[in-house]
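First up is the structure itself, then whatever we jot down about it.
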Amino acid sequence: MGSRTSRLTRIAPLPTVRRKPVPRQNEMGRRRRPIAMLALALGGFGIGTTEFVSMGLLNLIAADYGISEAEAGHIVTAYALGVVVGAPVITTLTGRVPRRRLIIVLMAAFIIGNLLTVFAPSYGLLLVSRLIAGLPHGAYFAIANLIAASMAEPGKRGQAVARISLGLATATVIGVPAAQWLGQTFGWNVAYGLVVVVGLLSFAGLWHSMPHMILMPETRPSTELGALVNPQVILSLLAGAVGFGGMFCVYTYISWTMTDRAGFPENLMWFVLMVYGIGMVAGNWIGGKLADRNVDGAVVGAFLTMIVMLVLFFVTSTVAPLAILVFGLLSVGGGVLTVNMQTRFMDVAGDAQNLAASMNQSAFNIANGAGAAVGGAVISAGYNYSYPALAGSLLAVAGLAIFLPAMLLLRRNGRANAE
């Protein structure tokens with residue numbers, strides 16, 4: 001017995017596996033930062049893919065559940081509702097949650113919502129799953145942009161924010177066409193399966209590389225709600241919600257415009273959307289550079305670009321090559337506007353950074369619905385598919401008209417404080 005005991009005591013204990021401690025933000029190495037930024041952008045890529053791919057799968061979803069395409073279109077509305085509601089509510093109530101934990105939880109919720117979509121047994125549960133998938137959308141981009149800005153090197157905050165938006169823009173070039181092909185080839189739910197895989201990769205990257213963001217201060221709901229009485233935040237929100245709508249007047253009906261007015265082959269519409277996506281990527285890159293120089297000037301320039309391109313699209317919409325070129329240039333203006341409006345919200349929000357940052361996402365999705373509605377009203381009134389571009393140019397003019405007083409007021413207040 002004694003010898004047996006002695007043999008047992010000589011057996012080496014099993015090694016304990018300990019996870020390497022997560023570093024603090026000010027302790028992270030140079031290698032961890034780009035991985036963390038890539039994981040954040042990859043999450044944006046997945047979100048952009050799931051947001052835009054639904055529109056091209058409605059006919060398949062309608063056939064599968066035995067409903068009309070109009071009813072199937074309600075899944076787009078459910079997702080947008082999740083974005084508009086989830087963005088301000090989540091960011092307001094989670095101001096004291098550590099940013100690393102919150103961004104990981106938001107990505108987990110996004111994965112769950114899309115996983116439910118893949119296996120939704122009924123139309124009702126499909127609607128619920130799209131609502132769940134949309135809830136973390138706006139909050140994710142708001143927190144991801146703030147994290148990117150906080151981790152950015154001095155003088156490169158705008159470029160850091162642009163990298164996060166780049167994930168969304170790249171989704172329109174790569175993610176949406178890939179998911180669309182998968183959905184049409186293997187079944188619409190496989191498209192959302194791709195989104196789940198992308199979400200899991202982002203989750204793994206965030207878990208591995210995201211540091212404890214100790215340089216980002218906690219906030220209370222009362223502090224965040226202060227953004228709602230900040231005239232700069234409100235005017236920026238209105239300018240974005242109205243002005244962005246001009247782009248969606250055209251984007252929503254681009255398939256009909258190109259095929260009906262320009263005689264472009266329907267089976268080549270992927271090329272038109274790819275050009276749009278490339279323009280968004282270029283706009284994000286340019287917008288990031290401009291944001292580090294003059295945010296308000298870049299916003300004005302983006303609005304003017306959109307106004308000119310919308311008028312030109314009306315003129316060139318019957319000539320396919322010119323229409324595609326102008327459509328791509330329109331998206332460049334939209335990309336510049338996206339990055340710089342997001343940066344401006346951060347500049348004017350004071351301590352209410354989280355709620356204000358989420359408002360850019362709310363403005364974008366309000367504009368999505370409003371632009372589609374305005375363009376649809378123009379077509380319903382008997383005008384052809386070229387005319388939504390003119391209506392869109394008026395929305396862009398209105399957005400600029402709202403923004404200019406906000407810019408001048410901020411400059412006047414800045415001069416007064418300097419004196």
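Overview of results
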| read-out | value |
| --- | --- |
| For the chain: relative contact order, % (alpha-carbon pairs under 8 angstrom, 6 or more apart) | 23 |
| Separation in nanometres of the label points that stand 7 Å from Cα toward Cβ, at Phe186 and Phe119 | 1.7 |
| Amide H contacts of His212 (H built 1.01 Å from N, under 5 Å, at least 5 apart or other chain) | Arg24, Gln25 |
| Principal axis dimensions, the range 26-111 - Cα atoms, whole angstrom, descending | 55, 29, 15 |
| Exposure proxy order (Cβ contacts within 10 Å, fewest to most) of Leu166, Leu42, Leu125 | Leu125, Leu42, Leu166 |
| Estimated dipole of the range 31-218 in Debye, rounded to 20 [Cβ of Lys and Arg +1, of Asp and Glu -1, Cα centre] | 960 |
| Rounded to 10°, Cα long-axis angle of helix 123-151 versus longest principal axis of the chain | 80 |
| Where Rh is the Kirkwood radius over Cα pairs, Rg/Rh for the range 222-412 | 1.01 |
| Electrostatic dipole magnitude of the range 222-412 [Cβ: Lys, Arg +1; Asp, Glu -1; Cα centre; debye, to 20] | 300 |
| Helix-derived mean residue ellipticity, 222 nm - over the chain, DSSP H n ≥ 4, -39500 (n - 2.57), to 500 | -25500 deg cm²/dmol |
| Cα-based Kirkwood hydrodynamic radius, the chain, one decimal, Å | 22.3 |
| Dipole in debye (nearest 20) - the chain, about Cα centre, beta carbon charges: Lys, Arg +1; Asp, Glu -1 | 2260 |
| On Cα atoms only, tilt of 99-119 relative to the major axis of the chain in degrees | 70 |
| Exposure proxy ranking, count of Cβ atoms within 10 Å, fewest first, for Thr49, Thr92 | Thr92, Thr49 |
| Acute angle (nearest 10 degrees) that the helix 157-170 long axis makes with the longest principal axis of the chain, alpha-carbon atoms | 80 |
| Residue order, fewest to most surrounding Cβ atoms within 10 angstrom, among Asp351, Asp296 | Asp351, Asp296 |
| Which of Ile214, Val195, Asn294, positive extreme of dipole for the chain (C-beta unit charges) | Ile214 |
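Taken together, the values in this text are just the output of simple stated rules run on the coordinates, not laboratory data. These numbers come from a predicted model, not from an experiment. Quick reminder, even Gly has a Cβ in these numbers, built from the backbone with ideal geometry, and neighbours come from all protein chains shown.
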